[in-house]
Each structure stands twice: as C-alpha cells, then as structure tokens.
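Input: a single structure, listed below in structure tokens.
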C-alpha cells in the first residue's frame, strides 16, 4: 500500500507570462490555474486507478506521465449513490478512476502549513471536488489546502472469502477507503514542497464520516507521522466496527456481509474474478449503511475501535480540536436511527427512566437522544481521553444558524458548519448576514491557526482555552463564548451506560 516516491526538491513556479502556473511532482509536470493571488491544481492522481484487477486492492503508486498534465478542472467523483442535494458532492462524471486530490496555495508560497480535508458522506457519498470545499479562502490565510477523493461504499469498505483466498496472508484488506486516505497523505508528504507546503506541518480535518476518518487515522499505525494536528467535526467516536472474517453477536463480519451482497447479486459461489467483473453501479444496491457495512477492523490499517485506542492512550499524540453542532440529527428519532441509534433495548429500566427524566420527559428524549448518543457524548469523551493522555485538546459547539435557514431545527443541524469552516458562505444558496460572515471568519481563522501553530490562535482578542473536559468554545450568532458543556447530566448518564456495556471504553471519573 505504501506509495514510496522520490522527493525532487521541487519548488512552486509562478505563473509564466504566457500560460498557467506549472509545477513538477514525482509523476510529472502539472499546469494549474492562478486567480487573485491563489494558485490551484486539481485532479492530481495520488494513486493508480483502482480498476480491473486493482479493485479491492491496496492503492498502488500513480503512473508517471509525459509532457504537461492539465490540472485546472475537477476530476471524477468516486462511485456513489445519489446524494439528495448534499453540497459536499462535486460535479459529474462519476468513475472508479477517482483517486485524485486538489491543492490551493498562496502564490509564491514557501514551507507553509498544510491542511488536508477528508470529506464526509457516511463513507457512501461526497468528494473533494465540491465547490463547498474550494480551498481558496483558507489558502489566503497562509496555508496550503488539499482535498481528496477516496473509495466509497462497497468499493472502499468490503471483503469476501473469495477475495481473502487470493491475497497474501499479510495483505491489508477491507479498509480500502482508509488506505486511500493514507496513500494521499503519503503523496502529500512526498510532493507538497512543490506547492509551497511544509510536510512537517500537516493538519488533517474532516466532518461526519470524514471526522470519523480523522479519528481512525489517529489510531492507524501506518498513518503515524503523516500528520501533526487533527480537527474532528461531528466525527462520532463510539462506533463499533466489524471484524474482517469473525462474526460477533449482532455484528456480522465484513466477509459475511460480502457473502450476503454477492448472493443478492446472483453470485452464490462467487469467485474474485466474478466480483471484480460486477458493474460498479451494481455495488450501490442496496446502499451500504455506514454503521453496519462501512466500518471494518483489520490487523493493519484500523486494528481497533477508536474509543478503545483513545482509552489506552494509543492514539496519535497530536493537538486535537473536536466538536459538534447544537442540533445534529434533530430530525431523527430513536426508532429511525439505524444500528448506531439502537439504545432502548440495551438500557436497563433504571437507566431508561433516568435518561427520560434528564431530558425533561419522553418528547425531549426522543428529540435529542440520537444527537447526544452519536455525536455529543462521544466528542466530549474523546476530548477527555485525549486530554487525560496529556495532549492539547480543544472542544467546541457550533450553534450559528443563518436567519434564512428554513429548517425548524432549533439549532445548527448536522454539516451546517462546513461553509463557515471553509469561509465559503456563497455556496449555501441563501442570503447570509454580517453575523454569518463574522462566524466564518472566526472559524476559518481558528482552523488555520491550528495548522500554523498547533493551537487555535487568531489575531482576535478572544482566546479559545484548552478544555478541562467540561469547558468548550461555543460559536453563536452573537459571537464566541466559553461555557460548560451543555446538558452535561444527560451526557454523564450516557457515559455511565457505555461504561457498563463496554468497560474498555475508558470511563472518566469526575
């Protein structure tokens, strides 16, 4: 899986008077675009196309090219189902040949910090090519921004006994999407100097499944040393992953799930060749579920669940920002939450009664338990564990809601912070006010400050303090404020529940 390439001692070239900016990377020469003081290069292959015999194999080095490769337009998004209007999905076409990345740098950049974005979408949707993730406005703050594509769904997270039979015993398997993320970080390490970036100052940041990916990379042995700070936006934390080949109660293995899918596709005794011959679109039906199909534990890439690794202090020892939005899954009730939201059957009567009381009654419980279970309590817990291990940790809550927001959410819904983080409010598609731009300026400054210094510092007078496990910075319509974690009594009850059912998840004594 390792993409070992030569480092050329390359430097970013300014735009020639007769053409676009050009740069030399390990595979060849690229021609990008220059506009308003920022140069950009798009659709850069960081690995070989994972097609044909390379489907369900670790990413291989990108092939070199001759001449100058045009890098001025987005590449294909990875194979995925319709995204129902999510602005985090880039434009078509869609292809298995999608392992590319995009880079934005200030003109004339030299040894600037690097920010690598990992998109969300439940490991089923999304791309680094979306206009929402355009890195121009972050780059203007003095960083180099990288966005990536990685394999999704059954192309990125899948195994089957026939695939296991053909591979070497020590070959990494199952987590091909995470392998792609690591391959992209290796490419950044080996090539980012050409774009004015510093490979010794790389921050990874991501939202939702991308935030979960950041935490997985923090516990992935082969990702160690490829990044130096991390930012997790609504990134879960207590999710359980399937083993490659071993079933466990209520959790089929990746290979069992692969067998089920192959049979649904008419392949009762499938061979590896037959699986690889399936049209990519056939792998989308039925759509895999993030919580039960796309999370895999293997011996090499993601060897253990995130919370257990954090509880034992085995995560990457890097500065961490972690947080959630104030109304994450406001529209989902416990009965509709899927595998991760199944809580009621596991609760004792006394636990259930205490939770309902803490939520002020059944209506409050139904409205907020899923958001707390999936996002809020895990974020606080990982922050506490990271702090306990002695690593700088900052906790946040995003509660900025545009006046034009049509949702009756009562707060900031899941993923609504993304245009603020990228300072790309123009992608929202609704009128935004001065207060929204102030919040975007602050978040983008904090995020890029983290990349520059290893701490969320800005030129503003307001200081974001390290968390003590109970304090966080809340972004509000009226500006930032430092507060105690809201609804701590509810989160305490959920933490006690997790300590009972998963004793190795690192209960924090208060």
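The values are calculated or read from the model by the stated rules, or taken from the named source; none is laboratory data. Being a predicted model, the structure only gives us computed values, none of them experimental. No Cβ is skipped: glycine too gets one built from the backbone with ideal geometry, and neighbour counts run over all protein chains shown.
Tabulated data for the structure shown
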quantity: Selected residue (criterion: nearest to the chain's Cα centre (by Cα)) from residues of region 421-438 that are in contact (Cβ under 8 Å) with a residue 40 or more places away in the chain and in a helix (DSSP H, G or I); calculated: 421
quantity: Criterion: closer than 24 Å to residue 125 by Cβ and in contact with a strand residue (DSSP E or B) (Cβ under 8 Å, 6 or more places away or on another chain) - qualifying residue of 451, 402, 415, 383; calculated: 415
quantity: Unique match (being in contact with a helix residue (DSSP H, G or I) (Cβ under 6 Å, 6 or more places away or on another chain), in contact (Cβ under 8 Å) with a residue 24 or more places away in the chain, buried (at least 20 other Cβ atoms within 10 Å of the Cβ) and assigned to a loop (DSSP other than H, G, I, E, B)) among 88, 75; calculated: 88
quantity: Of all residues making up region 459-486, the number that are on the phi > 0 side of the Ramachandran plot, part of a loop (DSSP other than H, G, I, E, B) and either surrounded by fewer than 15 Cβ atoms within 10 Å (Cβ to Cβ) or at pLDDT 95 or above (or both); calculated: 0
quantity: Close pairs from region 40-51: first at positive phi and surrounded by fewer than 23 Cβ atoms within 10 Å (Cβ to Cβ), partner in a strand (DSSP E or B) and at pLDDT 95 or above, Cβ under 8 Å, at least 6 apart; calculated: 43/100; 43/102
quantity: Given (1) at pLDDT 95 or above; (2) closer than 28 Å to residue 374 by Cα; (3) under 17 Å from the mean Cα position of the chain (by Cα), number of the condition residue 183 does not satisfy; calculated: (2)
quantity: Test: residue 164 is out of contact with any strand residue (DSSP E or B) (no Cβ under 8 Å at 6 or more places or on another chain) and within 22 Å of residue 301 (Cβ to Cβ); calculated: yes
quantity: From 321, 332, residue being touching a helix residue (DSSP H, G or I) at 6+ places or on another chain (Cβ under 7 Å), on the phi < 0 side of the Ramachandran plot, outside any helix (DSSP H, G or I) and surrounded by fewer than 21 Cβ atoms within 10 Å (Cβ to Cβ); calculated: 332
quantity: Contacts under 6 angstrom Cβ, first residue in region 265-278 being touching a residue at least 40 places away in the same chain (Cβ under 8 Å), partner crowded, with 16+ Cβ neighbours inside 10 Å and part of a helix (DSSP H, G or I), 6 or more apart; calculated: 270/162; 270/262; 271/162; 272/162; 272/163
quantity: Some residue of region 400-420 being closer than 21 Å to residue 484 by Cβ and part of a helix (DSSP H, G or I); calculated: no
quantity: Enumerated helices (runs of 4 or more DSSP H) restricted to region 109-212, each holding at least 2 residues that are surrounded by 24 or more Cβ atoms within 10 Å (Cβ to Cβ); calculated: 136-139, 153-156, 176-191
quantity: Count of region 24-34 residues which are free of Cβ contacts under 8 Å to residues at least 60 places away in the same chain and not in a loop (DSSP other than H, G, I, E, B); calculated: 5
quantity: Selection status of residue 315, out of contact with any strand residue (DSSP E or B) (no Cβ under 7 Å at 6 or more places or on another chain), under 17 Å from residue 235 (Cα atoms) and assigned to a loop (DSSP other than H, G, I, E, B); calculated: yes
quantity: Those residues of region 213-254 which are within 27 Å of residue 143 (Cα to Cα), over 17 Å from the mean Cα position of the chain (by Cα) and either crowded, with 24+ Cβ neighbours inside 10 Å or free of Cβ contacts under 8 Å to residues at least 24 places away in the same chain (or both), in sequence order; calculated: 225
quantity: Residue count, region 227-265 (criterion: modelled with pLDDT of 95 or more, out of contact with any helix residue (DSSP H, G or I) (no Cβ under 7 Å at 6 or more places or on another chain) and closer than 24 Å to residue 119 by Cβ); calculated: 2
quantity: Top-ranked residue in region 6-29 [being in contact with a helix residue (DSSP H, G or I) (Cβ under 9 Å, 6 or more places away or on another chain) and at pLDDT 95 or above; ranked as surrounded by the most Cβ atoms within 10 Å (Cβ to Cβ)]; calculated: 25
quantity: Residue in region 487-508 that is in a loop (DSSP other than H, G, I, E, B), touching a residue at least 24 places away in the same chain (Cβ under 8 Å), within 22 Å of residue 393 (Cα to Cα) and in contact with a strand residue (DSSP E or B) (Cβ under 8 Å, 6 or more places away or on another chain) present; calculated: no
